[in-house]
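For reference, the structure discussed in these notes is given below.
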Amino acid sequence: MAAISLSGIDKIYAGGTKAVDNLNLDVKDGEFMVLVGPSGCGKSTALRMIAGLEDISGGSLTIGDRVVNDLAPKDRDIAMVFQNYALYPHMTVEQNLAFGLQLRGTPKDEIKKRVAEAAKMLGLEPYLKRKPAALSGGQRQRVAMGRAIVREPQAFLMDEPLSNLDAKLRVSMRASLSQLHERLGVTTIYVTHDQVEAMTLGDRVAVLRDGKLQQVDTPQRLFDFP
Ligand code: ADP
Ligand code: ADP
């Protein structure tokens, strides 16, 4: 687990769009931080810079005690969960969960242990031998989360992970996510355009507009909860 600190972060795309403008944000160790704002406000760009999937145009990004601006994604020790799940269709759930660890050379016994733990935590035990095509949307999203969890990263980055699910599943997955966070305590940055998601999940919520940070506060204070 690690704190994540963005200091004066800018993103200017080729073509000149300033997608992120002098973003300052300190995410505490173990905190669940939600980035919220309308489509096009720069949420995904900010998240992708933290993941290392997008170059940073200016400013400084720190994970733990390291400035990581120039580190490759695989050296940042963070795991990203996408809205389209990005599962391997020809592999079973079990193989999907194990694959990232195999690539990293994790010992077999350790992989077995972590896959079993994650499957238990996510209620995936009955589906381990199935392929993604034979799973529901909610189950696929659980596998995507399981793949992040087994890596035991310093932080999770999630880009609208629930947006492809129907309303009912979203509600139950929100509850599962909160429980997971309570249990694992891993620093999380979660992007959404959905205010309800922001309110129910975030320890704090950062509101972006036109690439700029407008506010960052607890949901209670931001949304004037009773
Ligand atoms: P959000 O995630 O809040 O919807 P994005 O980070 O996707 O916002 O986009 C922020 C701005 O940057 C938008 O104006 C978008 O059109 C622009 N943008 C995003 N990705 C690219 C890209 N690869 N090249 C050029 N402009 C981009
Ligand atoms: P979201 O709003 O969910 O982030 P988008 O549909 O805006 O997704 O963007 C989907 C993909 O297209 C992203 O990879 C983004 O970087 C890219 N993209 C978005 N806007 C632009 C743009 N103006 N020019 C080039 N690529 C873009």
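The values are calculated or read from the model by the stated rules, or taken from the named source; none is laboratory data. As the structure is a prediction and not an experimental result, all values here were calculated from the model. As a convention, Cβ positions derive from the backbone with ideal geometry for all residues, glycine included, and neighbour counts pool all protein chains shown.
Scan the range 163-187 for residues that are out of contact with any strand residue (DSSP E or B) (no Cβ under 7 Å at 6 or more places or on another chain), touching a residue at least 40 places away in the same chain (Cβ under 8 Å) and among the hydrophobic types (A, V, I, L, M, F, W, C) and jot them down.
The one that is out of contact with any strand residue (DSSP E or B) (no Cβ under 7 Å at 6 or more places or on another chain), touching a residue at least 40 places away in the same chain (Cβ under 8 Å) and among the hydrophobic types (A, V, I, L, M, F, W, C): L180.
Which numbered condition in (1) in contact (Cβ under 8 Å) with a residue 60 or more places away in the chain; (2) away from ligand 2 (no atom under 16 Å from the Cβ); (3) in contact with a Ser or Thr (Cβ under 7 Å, 6 or more places away or on another chain) is the only one that N69 fails?
So the condition that N69 fails would be (1).
Scan the range 18-49 for residues that are farther than 25 Å from R174 by Cα, more than 9 Å from ligand 2 (Cβ to nearest atom) and surrounded by fewer than 23 Cβ atoms within 10 Å (Cβ to Cβ) and report the count.
Qualifying residue count for the region: 4.
Looking only at the range 178-194, which residues are more than 21 Å from I50 (Cα to Cα) and among the aliphatic types (A, V, I, L, M)?
L180
Where the second residue is basic (K, R) and in a helix (DSSP H, G or I) and the first is modelled with pLDDT of 95 or more and lies in the range 46-65, which pairs have Cβ atoms under 7 Å and are six or more apart or on separate chains?
Within 7 Å, the pairs are E54/R48.
For the range 102-147, which positions are polar (S, T, N, Q) and either over 14 Å from S176 (Cβ atoms) or more than 20 Å from the chain's Cα centre (by Cα) (or both)?
Start the filter on the range 102-147 by keeping residues that are polar (S, T, N, Q), which leaves 102, 106, 136, 139, 141.
Once the filter is applied, which keeps residues that are polar (S, T, N, Q) and either over 14 Å from S176 (Cβ atoms) or more than 20 Å from the chain's Cα centre (by Cα) (or both), the range 102-147 yields Q102, T106, S136.
Looking at G52, G15, which is the one that is within 16 Å of ligand 2 (Cβ to nearest atom) and in contact with a helix residue (DSSP H, G or I) (Cβ under 6 Å, 6 or more places away or on another chain)?
Working: G15 fails: in contact with a helix residue (DSSP H, G or I) (Cβ under 6 Å, 6 or more places away or on another chain).
Being within 16 Å of ligand 2 (Cβ to nearest atom) and in contact with a helix residue (DSSP H, G or I) (Cβ under 6 Å, 6 or more places away or on another chain) holds for just one of G52, G15, which is G52.
Taking the condition of being within 16 Å of ligand 1 (Cβ to nearest atom), among the charged types (D, E, K, R) and part of a strand (DSSP E or B), how many residues in the range 3-43 meet it? Full working, then the answer.
Applying the first criterion (within 16 Å of ligand 1 (Cβ to nearest atom)) to the range 3-43 yields 6, 9-23, 25, 33-43.
Add one more test, that the residue is among the charged types (D, E, K, R), and what stays is 10-11, 18, 21, 43.
Within this subset, residues satisfying the condition of being part of a strand (DSSP E or B) are 10-11, 18, 21.
Matching residues across the range 3-43 total 4.
Looking at the range 165-201 only, could you name the residues that are outside any helix (DSSP H, G or I) and either of a type in the set (F, W, Y) or away from ligand 1 (no atom under 16 Å from the Cβ) (or both)? Give the derivation first.
Restricting attention to the range 165-201, the residues satisfying the condition of being outside any helix (DSSP H, G or I) are 165-166, 185-194.
Answer for the range 165-201, where residues must be outside any helix (DSSP H, G or I) and either of a type in the set (F, W, Y) or away from ligand 1 (no atom under 16 Å from the Cβ) (or both): L165, D166, G185, V186, T187, T188, Y190.
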